[in-house]
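For reference, the structure discussed in these notes is given below.
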C-alpha cells in the first residue's frame with residue numbers, strides 16, 4: 001500500500017522524546033498454511049479450521065501516572081448514540097476496491113467491505129469473517145471456505161460464493177490493469193489468465209460449489225495464503241456494482257460493518273450496517289471520516305478540544321496537550337527510491353548500480369531526519385536474513401562500471417529525470433541526487449514534482465528515471481515487499497525484469513520457515529545490489545488517539561485498525577475528581 005505520512009515533529013523524531021511502542025511487532029512465519037487460530041491435528045484428507053472464539057473488546061490502555069484516577073467501565077454503554085471522528089491526510093478515496101491501492105483506502109475499507117478473513121485488531125493475524133470456517137487439503141493446495149448464512153450486503157442481499165469468484169475474476173481481467181491483481185498469482189491458472197495466455201475462466205482454480213461454498217486451488221502450497229485474504233483486494237462485490245469504475249455514494253453497496261450515508265471530497269459519513277452478520281459486536285453507531293489538508297497545528301487543536309478522536313496524519317506533536325495520546329510504533333514500511341529499468345541504458349544492472357554508488361548516502365539517510373534510516377527493503381522480521389544494500393558512495397567503482405557499460409563519466413546517458421511528490425524531505429533528497437550526479441557525470445538531471453494524491457497515479461507515466469514511494473506491507477510477510485517486483489506485476493512501475501528474481505520468488509511460494517525466508521532474501525539482494533531499489537528509511541506509524549477513551553485500537557506494524565472493534569469507554573471519575581480537558585470540557589460520561 002502506498003503511504004503518505006505527514007507529521008510535524010518538534011525538531012527531529014529523536015529529539016521529540018518519542019519512543020516506539022514495544023507492544024507491536026511481527027512474528028516469524030510458523031510454516032502453517034492455515035494462518036491464525038489453526039492447530040495441527042492428525043493427518044487426514046482434510047483438516048477443518050473452525051472459527052476462532054468471538055473477539056472480546058479488551059480492557060482500556062493503562063493511564064499515564066500523571067492522569068487523575070478514574071474508574072472505567074465497559075465501552076458498550078458509552079458507545080451508544082456516539083459518533084467517532086477520525087482525520088486522515090487529504091486523498092482521493094475510491095469506492096471500488098478493485099482499483100484501490102493507498103493505505104488510507106485500506107483503512108476506510110475495514111468499515112465498508114469484508115472478505116473471507118479479516119484482521120485481528122491486535123495481532124493482525126487472519127480471523128474468520130465472511131467465511132465462518134475453512135478446510136485445507138492434506139497437500140496444502142486446496143482450500144474450501146464455508147460462508148456464513150447470515151453474511152449480508154447493506155441492502156440485505158446475501159453474500160454468495162459466486163460473488164467472490166466473479167469479483168476475483170474481475171480483479172485479474174487481462175483487459176484491466178488492477179493494482180493488486182498479482183496477489184492472485186498463487187491461485188492455479190491465474191497467471192496465464194492474467195497475461196492473456198488463456199481466456200477460459202474455468203481453467204482457474206476458483207470454483208463456487210454452491211451459494212455458500214467456495215473452493216480455491218493453488219499452484220502449490222503457499223503458507224501466506226490465508227494471511228493475504230484479509231487484504232481488501234479479496235473482498236466480494238455485489239453484482240450490481242462490480243462493473244462500476246468508481247461507484248457514486250448512492251450506488252455503493254458493501255458488506256462491511258458500516259454503510260455509506262454521505263460523501264464529499266473532504267468527509268465520509270457512515271452508520272452501522274444493520275444487516276452485518278456480527279452487528280451485535282459493533283459498538284460505535286456512526287463514523288465521520290475527515291480528509292484534511294489544514295495546518296497541523298489546527299488539526300491538533302481540534303484533537304485537543306475533543307472534536308476529533310483519532311488523527312492518523314497531519315498532526316503537530318509539539319502542540320499535543322496530552323503526550324500520552326501520541327502513539328509511535330515501528331511500521332512494516334519502507335521509504336525508497338527506484339530506478340526505472342525497462343529501457344536502455346538503465347535496463348543494464350551495472351549502470352543502475354553505478355548511479356547508486358555516486359550518491360551521498362550519509363546525507364540522504366541522515367539519522368537526525370529519519371526515524372529509522374536503512375539500506376534494506378524488507379523491514380526486520382525474526383529469522384529473516386539481513387540483506388544490506390548500498391550504504392555509501394564508491395566513485396571509483398561507479399565510474400569503472402559506467403566505462404565498462406560504454407558510458408565513460410556518463411557520456412551518452414540520456415537526461416535523468418527525478419520524479420518525487422512535493423514536500424520538503426523528498427525535495428531535499430532529490431536535490432542531493434541531482435547535485436551528486438551532475439557533479440560526477442556528463443549528463444543533465446532534471447527534477448519533477450507532483451503533489452499528493454495525484455503522485456501515485458503519475459507514477460504510471462514512464463517519462464521519468466527515478467521516483468520515490470513509501471510502501472506499507474499489505475500483510476505481515478516479506479513477500480509483500482518482493483512480489484510486486486516480478487516481471488508481470490501490476491505494481492512494477494520500474495519495469496524491472498530479471499528471470500533470476502522471478503524464479504526465486506516462484507520457488508519461495510512452495511517453501512516454509514527459514515528455507516522460504518532464505519530464498520526471499522536472495523531475491524531482495526538482487527533488487528538492492530543492482531541499484532534497482534534504493535531504500536532510505538523505515539517509516540514509523542504516528543497517531544494521535546486517547547486510548548483511555550477509545551478501546552479496541554492497537555499499535556501494529558501495518559497501522560491497520562479495523563473499525564468494527566473500536567468502542568468508546570465510559571469514564572466515571574471518583575467522587576469529587578474530574579479531568580479537565582482543553583477548552584473547558586470535562587472528562588465525564590457523555591463528554592468528549
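The values are calculated or read from the model by the stated rules, or taken from the named source; none is laboratory data. Values in this document were obtained by computation on a predicted structure and should not be read as measured data. Here the Cβ positions follow ideal geometry from the backbone for every residue, glycine too, while neighbour counts run over all protein chains shown.
Within the bounds of the stretch 325-338, is there any residue that is in a loop (DSSP other than H, G, I, E, B) and either modelled with pLDDT of 95 or more or more than 28 Å from residue 534 (Cβ to Cβ) (or both)?
Scanning the stretch 325-338 turns up no residue that is in a loop (DSSP other than H, G, I, E, B) and either modelled with pLDDT of 95 or more or more than 28 Å from residue 534 (Cβ to Cβ) (or both).
Does the stretch 230-247 contain at least one residue that is surrounded by 19 or more Cβ atoms within 10 Å (Cβ to Cβ), modelled with pLDDT under 90 and closer than 22 Å to residue 485 by Cα?
Checked against the condition, which is being surrounded by 19 or more Cβ atoms within 10 Å (Cβ to Cβ), modelled with pLDDT under 90 and closer than 22 Å to residue 485 by Cα, the stretch 230-247 yields no hits at all.
Condition check ((1) surrounded by fewer than 22 Cβ atoms within 10 Å (Cβ to Cβ); (2) part of a loop (DSSP other than H, G, I, E, B); (3) touching a helix residue (DSSP H, G or I) at 6+ places or on another chain (Cβ under 9 Å); (4) touching a residue at least 60 places away in the same chain (Cβ under 8 Å)) across all residues:
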residue: 389; (1), (2), (3), (4): yes, yes, yes, yes
residue: 392; (1), (2), (3), (4): yes, yes, yes, no
residue: 400; (1), (2), (3), (4): yes, no, yes, no
residue: 409; (1), (2), (3), (4): yes, no, yes, no
residue: 417; (1), (2), (3), (4): yes, no, no, no
residue: 425; (1), (2), (3), (4): yes, no, no, no
residue: 428; (1), (2), (3), (4): yes, no, yes, no
residue: 431; (1), (2), (3), (4): yes, no, no, no
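Scan the stretch 454-476 for residues that are in contact with a strand residue (DSSP E or B) (Cβ under 7 Å, 6 or more places away or on another chain) and not in a loop (DSSP other than H, G, I, E, B) and jot them down.
Matches in the stretch 454-476: 455, 456, 458, 466, 467, 468, 469, 470, 471, 472.
State which residue is nearest to the chain's Cα centre (by Cα) when the search covers only the stretch 120-135 and only residues that are surrounded by 24 or more Cβ atoms within 10 Å (Cβ to Cβ) and in a strand (DSSP E or B).
Restricting to residues being surrounded by 24 or more Cβ atoms within 10 Å (Cβ to Cβ) and in a strand (DSSP E or B), the top hit is 126.
Filtering the stretch 433-453 down to residues that are touching a helix residue (DSSP H, G or I) at 6+ places or on another chain (Cβ under 8 Å) and part of a loop (DSSP other than H, G, I, E, B), which residue is surrounded by the fewest Cβ atoms within 10 Å (Cβ to Cβ)?
My answer is 442.
Here is a check on your reading of the model: is residue 474 more than 30 Å from residue 123 (Cα to Cα) and either more than 22 Å from the chain's Cα centre (by Cα) or touching a residue at least 24 places away in the same chain (Cβ under 8 Å) (or both)?
No: the conditions fail for residue 474.
Consider the stretch 483-493. How many of its residues are over 14 Å from the mean Cα position of the chain (by Cα) and surrounded by fewer than 23 Cβ atoms within 10 Å (Cβ to Cβ)?
7
Counting only residues that are over 29 Å from residue 328 (Cα atoms) and crowded, with 23+ Cβ neighbours inside 10 Å, which one in the stretch 525-557 is farthest from the chain's Cα centre (by Cα)?
Result: 531.
State whether the residues of the stretch 324-335 include one that is more than 30 Å from residue 255 (Cα to Cα), outside the structural domain of residue 421 (by TED's automatic domain parsing) and more than 27 Å from the chain's Cα centre (by Cα).
Taking every residue of the stretch 324-335 in turn, none turns out to be more than 30 Å from residue 255 (Cα to Cα), outside the structural domain of residue 421 (by TED's automatic domain parsing) and more than 27 Å from the chain's Cα centre (by Cα).
Considering only residues that are touching a residue at least 60 places away in the same chain (Cβ under 8 Å), in a helix (DSSP H, G or I) and buried (at least 19 other Cβ atoms within 10 Å of the Cβ), which ones fall in the stretch 494-524?
Selection gives 509, 516, 517, 520, 521, 524.
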